[in-house]
Structures are given as C-alpha cells and as structure tokens.
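In what follows, a structure is listed as structure tokens, so that the remarks can point back to it.
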There are 2 protein chains.
Amino acid sequence: MPTARPERGMPTPPGRRPRKAAAPRRQLTQEAVVETAIRVLDAEGLEAVTMRRVAQELGTGPASLYAHVSGKDELRELMLDRVAADIRVPVPDPERWQEQLKDLAREIRRVYISHRDIAMVSMGLIPTGPHLLDVAEAQLALMRAGGVPKNIAAMAVDTLGMFLDADAVEGTIYYAKTPAGEDPHAFFEEYFGQFREYFAALPADRYPVLTGMVRELTDADDDGRFEFGLDLIVRGIASYVEDGERPG
Amino acid sequence: MPTARPERGMPTPPGRRPRKAAAPRRQLTQEAVVETAIRVLDAEGLEAVTMRRVAQELGTGPASLYAHVSGKDELRELMLDRVAADIRVPVPDPERWQEQLKDLAREIRRVYISHRDIAMVSMGLIPTGPHLLDVAEAQLALMRAGGVPKNIAAMAVDTLGMFLDADAVEGTIYYAKTPAGEDPHAFFEEYFGQFREYFAALPADRYPVLTGMVRELTDADDDGRFEFGLDLIVRGIASYVEDGERPG
DNA sequence: ACCTGAACACCGTTCAAGT
DNA sequence: ACCTGAACACCGTTCAAGT
C-alpha cells in the first residue's frame, strides 16, 4: 500500500500537516540541472551560473543539486560537453583535409561563441565527455587522413585547442563586461575607442614601434584575427606531412 | 597647531580614550597592496588573492584597500604589470629576429609560470600597464626589424599572446589543483595516469583514431608542446616577410 | 533514495562614521 | 585625506533531518 496522498481540492484534515501546497515535486535529473544551467549561461554569462542560481531556477535549494552533480566544476564540464554536442563534424576527405580542419575550427568557434563565455571551461581541461571527444576524434581523423604523423597530430590538437579556447574567451570577454541593459555593440565601440586614444597618447620615445602602428593595433577585426591565427596553425601542421605520406 | 599626540611611554590620562595601543599605522600604499597580493599569489595561487585576504595580510580590513585600488580587477591588472616588469627584453638584431622572438616568448613563459596562474589575468586583457607595454613593444620591434608588415605584426602579437596565455594557464592549472600539502609532481603523475587509463578504455568503434594514439596523446611533455606551438607561430609569421623587406 | 533547511565559512563592495 | 566597522547581498559545500 503506497502512502496516502490528498486528493486534489480537498482541504487538509485537522491534525494532519499540509503537504506544502502544490509543490509539483518534478523529478530533478542531471539533464534538467545541466539544461537549466545552460539557460542561465546563455542569458547572463558563465559568472551568473552559480549553484544557488541554478537551484532557484529549478524552484529548489542549492543542496538539492548535489544529488545529481558532484559540485560546480562537474556542472561546468557537463555544460561544456552538452554544448559540444552541437558541433557538426565532417567525414574526412584526404584531398582537402586542411580546408576541412579550418571549417571544423570555424564551427567550434561558432558554437562556443553562441554560448557566451563557455570556452572558459574548456581552458586547461582534458576532454573526457563523449561529445568533446567526438570533436577531438574528428580533428585527429582529419590530420591523420592528411598524413600528419601521430606525434605531430597529438601536439597539434592541443595547440589548435588552446588557440580556439583563447580566441573564444577573448571574443566574449568584452561582451561579458557590457553593463546589463546596455547595447553590447555600442559599449564595445566606445570601450575600444578609449583604448585607441590611450595608445595614441603613449610616450613615443619609450614605445616608438607601438605608437607608430596604433591604427593597425586597434583595428579590431575579430574574424580577420581568427583567420590569421588559424591559417598560421594549419599551414604549420601541414608542413610536417612527410612527402611519402602526402595524399593525392 | 597640529593635533596633540601622546608621547611614547606615557599612559592615557583619565577621561581620554586610548589610541588603540601600538597600532603602527604603517601607511598603506598601492605598492604595498600589490606586493602583498603577489606574495599571496606566489604562496597559494590566484584564487587565494581576495580583497579580504590581502587586507588581512596587511593587518586591516578589506574596505581599506579601496583607497589605493579601484577594486579586485584593477588589483589583478596591477599585479600582472608588476610581474611583467621581470621580463627581460632583447635589443633587436635583424639577422636573428626569429630566434630572438622565440627567446622572448620563452622568457615570458618562464616569468608567468614562476607566479602560479597569473597568466589568467592576461587572458582577454588589452595591455595598458607600462611593463606589459614594454613587452609588447619588444615583440613588435623584433617583427618589424625582421621585415614583418605592420598589419601582420599587429595580428601576430595577438596570436602569440593568446598562445602564451593559454599555455601558461594550462601549465599551471593542474598545479593549482594539487591539494594543499601534497607534492604537486606526484599528484600530477597520478592524475595524468588516470587519464591514460580512461583514454585506453574508450570504445574503439566510436573513437578509432584517438584510441590508436593514446600514447602520443598522453605523453605530457609540456616543454615539447610549447616549442611545437611556438615554432608553428614564428614560422608562420616569418612567411609573411616580403622578399624586398627581408633583412640580410 | 532523494530532497531539504539551516548552517558554516567564505566572497566584493559600499557607506557612514571616525581621526 | 585616509582609514575603518558594520552591513549588504551574495558565494560553494556539508550535514542532519525529513519523506
């Protein structure tokens, strides 16, 4: 016989404690916790994703989350892996592995940036989640298909990962700094303009080279910078392909 | 007439409140605050550098710091710039600018890593402090001496900076994770060994490439990885030197 | 087994009040 | 002018107690 439950609409009989109204007792799951955390992330950034905030969003207290997640660090890793599930990976074509690797890098960047500063979690993290490993597998598969030696591919996946993390963090940090309610783009323009002025006002005798290229340094073309670094890295990796292993 | 001060050794006369014993009233300065913060950083890592902790170390309350520093973010930036003062920069020799740029990168890495996870502060920060700008000036001077065009040098200093930050953060994050009192090296070995096992146990049908190179991927040669990435970037930069501009 | 309230030991920052 | 105590509005995590 299961515990008796009060029927809907019935008042609590005298002497029996009320069952805390209509607390829906919606089952908490790890999935629900992670999804809620990502909603907070998308709306307010990684800093706003606190155990207390996520719990509040789920209508409970912070202690309740610890049944589904070992702590804040694990929650962050689970969030990252869930986000990584959206990254579409290619089937390797040995003829054009370099362009495919660049496209994959662009796809990773797109997905990361669409979730605010989530890339911060990836920084210095050894990937263990299934989806993060899918992405690593895809990068390695492309390089191996292109004839990149194993030891080079192993280091290259790390270098490329560092570049992607650093770029995504850099790209969202100003966005994250935008005061609530202000237009991020306008804030960004204003913010960057101040730096241009600051650099222009620097003493030319101490910083002769820098002051001679203020325009180039403050031309904030994010996509251009990303493509520049990506090209450097991919070309560098390709230079390690041994002649005998080169496809085609 | 200045306020009367009690002479040394004299007791407090009746009816006058004692002046809080021998509180040395050692003048707080921004320098003292920053130096103390760096001492905490070196001893316990960046996370331990809180306003309250630094204040405590100075024998005062957290509110007192706000007269010398606008807040925690500014304190972190001041710490980074003070650390950057220890980076020795070269006089450019156009004949060997690439090796000089690599040496400078190694020097930056050395100094950063000697101050725990300070590189985290550099991440996504536009340098404004005098010493950080000295380092940027030196990098740009080397590239310009080598004949790298302005627009390329401007992007390259950014790419190299991202690489250095990401590497230094990655290199210290496990160190930072070491439980207090445990030997970092032993902890690191143990920690890494677990990942090796984990990767080896991965399903080979889903991760065929990855499981085929577990040894290469978990061969944690930090210096090797750094040199690999550094070489990629410097060679890439050098490829943009126009023939007419190449020195020698 | 799962969930919770309350507590513990922290945060950064503000501000009125003191000297 | 500089410094401070106290307060405000937060943190992550633990744990005994409940159902």
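The values are calculated or read from the model by the stated rules, or taken from the named source; none is laboratory data. These numbers were taken from a predicted model, which means no experiment stands behind them. Every residue, glycine among them, receives a Cβ derived from its backbone with ideal geometry; neighbour counts consider all protein chains shown.
Before moving on, here are some points about what is shown:
- Condition check for residue B:88: surrounded by 16 or more Cβ atoms within 10 Å (Cβ to Cβ) and either more than 11 Å from chain A (Cβ to nearest Cβ) or away from DNA strand C (no atom under 16 Å from the Cβ) (or both): no
- Residue satisfying condition, being more than 9 Å from chain A (Cβ to nearest Cβ) and exposed (fewer than 14 other Cβ atoms within 10 Å of the Cβ), within set B:205, B:221: B:205
- Test: residue in the range A:140-156 that is among the charged types (D, E, K, R), closer than 21 Å to residue A:233 by Cα and facing another protein chain (nearest Cβ under 8 Å): yes
- Helices (runs of 4 or more DSSP H) wholly inside the range B:179-248 that include at least 1 residues being in contact with a His (Cβ under 9 Å, 6 or more places away or on another chain) and at pLDDT below 90: none
- Some residue of the range B:139-157 being without any contact (Cβ under 8 Å) to a residue 40 or more places away in the chain and not in a helix (DSSP H, G or I): no
- Filter result for residue B:162 (surrounded by 18 or more Cβ atoms within 10 Å (Cβ to Cβ), within 23 Å of residue B:221 (Cβ to Cβ) and without any contact (Cβ under 8 Å) to a residue 24 or more places away in the chain): yes
- For the range B:189-202, a residue qualifies if it is surrounded by 13 or more Cβ atoms within 10 Å (Cβ to Cβ) and without any contact (Cβ under 8 Å) to a residue 24 or more places away in the chain, and the qualifying residues are B:191, B:195, B:196, B:198, B:199, B:202.
- When the range A:111-135 is limited to residues that are touching a helix residue (DSSP H, G or I) at 6+ places or on another chain (Cβ under 6 Å) and facing chain B (nearest Cβ under 7 Å), the one that is surrounded by the most Cβ atoms within 10 Å (Cβ to Cβ) turns out to be A:124.
- Scanning the range A:35-53 for residues that are more than 15 Å from DNA strand C (Cβ to nearest atom) and of a type outside the set (Asp, Glu) returns A:37, A:38, A:39, A:40, A:41, A:43, A:45, A:46, A:49.
- Members of the range A:60-85 found to be within 14 Å of DNA strand C (Cβ to nearest atom), exposed (fewer than 13 other Cβ atoms within 10 Å of the Cβ) and either within 14 Å of chain B (Cβ to nearest Cβ) or at pLDDT below 95 (or both), listed by number: A:71
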